[in-house]
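Only one structure is covered here, and it is reproduced in the block below.
The values are calculated or read from the model by the stated rules, or taken from the named source; none is laboratory data. These numbers were taken from a predicted model, which means no experiment stands behind them. Don't worry about glycine lacking a Cβ; one is built from the backbone with ideal geometry, like all the others, and counts go over all protein chains shown.
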Amino acid sequence: MKKIIVLLAALTLINAYTPAAFCADAAAPAVGIMKGQVAPDFSLKDITGKQVSLSSAKNSVVCLVFWATWCPYCLREIPSYKELHAKYASKGLKILSVNIAANDPLPRVEAFQLKTQLPYPILYDASQEVSRLYYVTGVPVSVIIDRKGVIQYRGYQLPDNADQLIAQLL
C-alpha cells in the first residue's frame, strides 16, 4: 500500500512539472480578456436593432472600445477611432463601439450618434453582460484583437502606437 501511495505521489509531481510545450493543447491560447488570450465572443444589438457579434468580424482586425456618452476621456478618443477607421476599414479593420449603458439611456446614445455620425457601429450593452464579460470597470477600455481572435492590446485608452500596431496586424 505504501508503494502505491509513493508511486501516485511521484506521478502527480511529474505531471505537475511537465513543461507546457509537451502538452497537446499548449499551442492554443486560452479564452480570456488579457493580451495573448482569445477574445470571448459576444452578440449585441446595435442602436438600429441589428444583431452584431464579435465572431461576425472573423478574419478581421477588431478594435473594441467600451465607452459612454458622459465620459470625457471616451469623447477624447473618438477622433482617433474615426481616423483609424478612415485609414484602415478598407484593409480589414472593424471597430465595434460598445456603449456600456450605465447612466446612458438608449435615446441619449441615439442622439449622440445623430450628432457625431460615427462611421462604425455602436452596440448597446443594455444588460451590461458584455461589459462584465470583459471586466470593464471604467471607461474607456480599448481592446485590439488580431485576425485570429487573439487580444494584442487591452488598456484604458488606445496605445500610443495604435496606428503602427493595427498596420502590422493587417
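Considering only segment 135-170, state which residues are over 21 Å from A86 (Cβ atoms) and in contact with a Phe, Trp or Tyr (Cβ under 7 Å, 6 or more places away or on another chain).
Within segment 135-170, V136, G138, V139, V141 meet the criteria.
Determine which member of the set A111, A86, A101 is in a loop (DSSP other than H, G, I, E, B) and either of a type in the set (G, A, S) or without any contact (Cβ under 8 Å) to a residue 24 or more places away in the chain (or both).
The conditions single out A101.
Give the residues of segment 114-170 that are closer than 15 Å to S60 by Cβ and among the acidic types (D, E), sorted by residue number.
D146
What pairs can you find where one residue is in segment 29-49 and within 22 Å of Y153 (Cα to Cα), the other is among the hydroxyl-bearing types (S, T, Y) and part of a loop (DSSP other than H, G, I, E, B), and their Cβ atoms are less than 8 Å apart, with a gap of 6+ or different chains?
Qualifying pairs under 8 Å: I33/Y134; I33/Y135; P40/Y134.
Taking the condition of being farther than 18 Å from L54 by Cβ and not in a strand (DSSP E or B), how many residues in segment 143-170 meet it?
Result for segment 143-170: 12.
Based on what the data block shows, is S60 touching a Gly at 6+ places or on another chain (Cβ under 9 Å) and among the hydroxyl-bearing types (S, T, Y)?
Yes.
Looking at L133, L106, which is the one that is more than 15 Å from T48 (Cα to Cα) and of a type in the set (A, V, I, L, M)?
Being more than 15 Å from T48 (Cα to Cα) and of a type in the set (A, V, I, L, M) holds for just one of L133, L106, which is L133.
Residue-wise test of (1) among the aromatic types (F, W, Y); (2) surrounded by 13 or more Cβ atoms within 10 Å (Cβ to Cβ); (3) at pLDDT below 95; (4) at positive phi.
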| residue | (1), (2), (3), (4) |
| --- | --- |
| L8 | no, no, yes, no |
| A26 | no, no, yes, no |
| I33 | no, yes, yes, no |
| D41 | no, yes, no, no |
| D46 | no, yes, no, no |
| G92 | no, yes, no, yes |
| I100 | no, yes, no, no |
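Take residues that are over 16 Å from I166 (Cα atoms) and tell me which of the strands (runs of 3 or more DSSP E) falling wholly in segment 40-83 contain 3 or more.
The strands (runs of 3 or more DSSP E) meeting that bar are 43-45, 51-53.
The rows are residues; the columns are (1) at pLDDT 95 or above; (2) buried (at least 16 other Cβ atoms within 10 Å of the Cβ); (3) over 18 Å from Q37 (Cβ atoms).
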residue: P119; (1), (2), (3): yes, no, yes
residue: S142; (1), (2), (3): yes, yes, no
residue: R147; (1), (2), (3): yes, no, no
residue: Q152; (1), (2), (3): yes, yes, no
residue: Q164; (1), (2), (3): yes, no, yes
